[in-house]
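**Q** The structure under discussion is supplied below as structure tokens; questions concerning it will follow.
The values are calculated or read from the model by the stated rules, or taken from the named source; none is laboratory data. All figures in this text were calculated on a predicted structure; none of them were measured in a lab. Reconstructed Cβ throughout: ideal geometry from the backbone, glycine too, with neighbour counts over all protein chains shown.
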Amino acid sequence: MQMELHTSPTSPGGDKDVKKKNETMFEGSKISVNGENYGVFRSNDPILTVSHRRNDTVQHASDGHGISTDHPTSYCETMMHLFKGNVGSGIFALGDAFKNAGLFLAPPLTIFLGIICVHAQHVLLQCNDEVCKILGDSVKKNTIGYAGVVELCFEVGPPRLRKYSVLMRKMVNLFLCITQLGFCCVYFVFISTNVKQVADHYGFHLDVHYHMAIAFIPILLSTWIRNLKYLAPVSSIANFLVVAGYMATVYMMTDDLPSIQERDYVAGWKQIPLFFGTVIYSFEAITLVLPLKNEMKNPKQFGSPLGVLNLGMVVVGTMFTLMGFLAYLKYGNDIKGSVTLNLGDGILPQCIKIGISLSIMLTYALQFYVPIAIMWPAYSKRYGPYNSPILAETLFRSAICFLTFILAELIPRLGLFITLVGAVSSTALALLFPPIIELVICSRNNTLTVFKVSKNILILLIGLIGFASGTYESVTNIAVAFFTPARET
């Protein structure tokens, strides 16, 4: 299955000046640089724009779901959107991540990876600006998504690289779909393990598989919603529940903390890849930056030194570090894949588990919308037309939702599932593509320096090592976990 909205290959361009001759460069391609919806579905657009949507506005004609991005946001509003896009289920897994690095090693490593991720986001913004400067009026700057920027960087890059532009777009879309569907799989495990603890506390003992099957029914029904405006109310509820759950969890963990001498300061080096995957999973929001910047009343405020991106990620990074540090300090090696599973049996812990589980359940449809908006147009183009397009799309949605359910049933441990998703796909989006496109653009502009080459090679090495080692360790541990009965670790 092809993973993009525009599926045909593009012809490599010649050596002519791109700014003046972009029509020639894109001749023979189905890329419409003048179209309103160039590129692909932007990862977190539905989460960002659903609450701003007007009923009479339909912008995203390609997928027919009515996404609007014509509502400029203020500095504070954009900051809240950035916060919402970064704080989710991953933040509750950071205690497990800190266990895999150690109490003293984990915080600086978290900050280091956060700085690299934020730098990569700045690189994406700069490459987007450079591409738009090269193409001029032939492309609408506020409609290019992550995959579109990657493709255009190769299209305007050195002639020998232009033939890879469509391939790179497909790869971005592939990793984007893996990431989003991976989130959906994690959600099934997260919900079922937390709800099982609550149900067991009140005497309703069921295997976690049954809880997952019960959760599948409302989640499946939510994926049948094709118009995002109907998801706006549940999105607001989900955001409130996550924030409340985070605050309540931190409050509970600060009570009767043990001495730091009872914890490992530095963990074994073989566990570092597991730490890497979980942290990257939590920090992965690079697909968020372009739509956020494009929605601002003053886009220059987004990437400036004291702009939304830098200040917002400082807040998010502080929250991540605080959560991971307190969770590991409080529970040590007994920390589970989600710290909510360690909170105990009181009334407040049960409320936290139910509230966050409900939040994750309500968020599933929004995360699920992204891969469907990428895959369904390509699928229907290849196998359509259908006598009943709505029925066909509903069946397609149901099949993909069932696939995430089956994968969640097969992966026995929440923490390892999060690590796997982070190592495989989040790493590629956050750490591999940005340095590649910066090297391509700088090569085209003859602005490559020793510093830029060294910096980007270093980031690529970190990403590749994390990708390979994190995937290997998580898959190995998942295989081992199949022979153990524990599902809540």
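**Q** Restricting attention to the range 229-252, does a residue exist that is more than 21 Å from the chain's Cα centre (by Cα), on the phi < 0 side of the Ramachandran plot, hydrophobic (A, V, I, L, M, F, W, C) and outside any helix (DSSP H, G or I)?
**A** Within the range 229-252, none of the residues are more than 21 Å from the chain's Cα centre (by Cα), on the phi < 0 side of the Ramachandran plot, hydrophobic (A, V, I, L, M, F, W, C) and outside any helix (DSSP H, G or I).
**Q** Looking only at residues in the range 355-371 that are hydrophobic (A, V, I, L, M, F, W, C) and under 13 Å from the mean Cα position of the chain (by Cα), which one is farthest from Val339 (Cα to Cα)?
**A** Top of the filtered list is Val370.
**Q** Within the range 48-148, considering only helices (runs of 4 or more DSSP H) that don't extend past its boundaries, which have at least 2 residues that are modelled with pLDDT of 80 or more and surrounded by fewer than 22 Cβ atoms within 10 Å (Cβ to Cβ)?
**A** Values: elements: 75-86, 94-99, 106-135.
In the range 48-148, the matching helices (runs of 4 or more DSSP H) lie at 75-86, 106-135.
**Q** Another question, then. Across the range 371-402, which residue is surrounded by the fewest Cβ atoms within 10 Å (Cβ to Cβ) among those that are in contact with a helix residue (DSSP H, G or I) (Cβ under 7 Å, 6 or more places away or on another chain) and of a type in the set (Val, Ile, Thr)?
**A** Ile400
**Q** Can you tell me which residues in the range 253-289 are more than 18 Å from the chain's Cα centre (by Cα) and outside any helix (DSSP H, G or I)?
**A** Across the range 253-289, the qualifying residues are Thr254, Asp255, Asp256, Leu257, Pro258, Ser259, Arg263, Asp264, Tyr265, Val266, Ala267, Gly268.
**Q** Now for a separate question. Based on this model, can you work out whether Leu311 counts as touching a Gly at 6+ places or on another chain (Cβ under 8 Å) and closer than 30 Å to His119 by Cα?
**A** The answer is no for Leu311.
**Q** Could I ask something else about it? Six or more apart or on different chains, Cβ atoms under 6 Å: show the pairs whose first residue is in the range 454-472 and under 16 Å from Ser425 (Cβ atoms) and whose second is among the polar types (S, T, N, Q).
**A** Going by the 6 Å Cβ cut-off, the qualifying pairs are Gly463/Thr427; Gly466/Thr427; Phe467/Thr427.
**Q** Still on this structure, please answer the following. Among the residues of the range 408-424, how many are modelled with pLDDT of 80 or more and buried (at least 17 other Cβ atoms within 10 Å of the Cβ)?
**A** Initial filter on the range 408-424 (modelled with pLDDT of 80 or more): 408-410, 418-424.
Filter once more, so that each one left must be buried (at least 17 other Cβ atoms within 10 Å of the Cβ): 408-409, 418-424.
Total meeting the criteria: 9.
**Q** Just the residues that are of a type in the set (D, E, K, R) and either under 20 Å from Ser236 (Cβ atoms) or at pLDDT below 90 (or both), please, taken from the range 335-373.
**A** Matches in the range 335-373: Lys336, Asp345.
**Q** Does Leu348 satisfy the condition of being in contact with an Asp or Glu (Cβ under 8 Å, 6 or more places away or on another chain) and either in a helix (DSSP H, G or I) or closer than 19 Å to Ile191 by Cβ (or both)?
**A** So Leu348 fails the test.
**Q** Looking at Thr340, Thr318, can you tell me which residue is hydroxyl-bearing (Ser, Thr, Tyr), in contact (Cβ under 8 Å) with a residue 12 or more places away in the chain and in a helix (DSSP H, G or I)? Show your work before the answer.
**A** Working: Thr318 fails: in contact (Cβ under 8 Å) with a residue 12 or more places away in the chain.
Answer to the check: Thr340.
**Q** For the range 247-290, how many residues are surrounded by fewer than 19 Cβ atoms within 10 Å (Cβ to Cβ), touching a Phe, Trp or Tyr at 6+ places or on another chain (Cβ under 9 Å) and hydroxyl-bearing (Ser, Thr, Tyr)?
**A** 1
**Q** Would it be correct to say that Ile457 is modelled with pLDDT of 90 or more, surrounded by 22 or more Cβ atoms within 10 Å (Cβ to Cβ), among the β-branched types (Val, Ile, Thr) and out of contact with any Lys or Arg (no Cβ under 7 Å at 6 or more places or on another chain)? Spell out how you get there, then give the answer.
**A** On the way: modelled with pLDDT of 90 or more: yes; surrounded by 22 or more Cβ atoms within 10 Å (Cβ to Cβ): no; among the β-branched types (Val, Ile, Thr): yes; out of contact with any Lys or Arg (no Cβ under 7 Å at 6 or more places or on another chain): yes.
When the stated conditions are applied, Ile457 does not pass them.
**Q** Conditions: (1) modelled with pLDDT of 85 or more; (2) out of contact with any Gly (no Cβ under 9 Å at 6 or more places or on another chain); (3) among the polar types (S, T, N, Q). Ser443 meets all but one. Number of the miss?
**A** (2)
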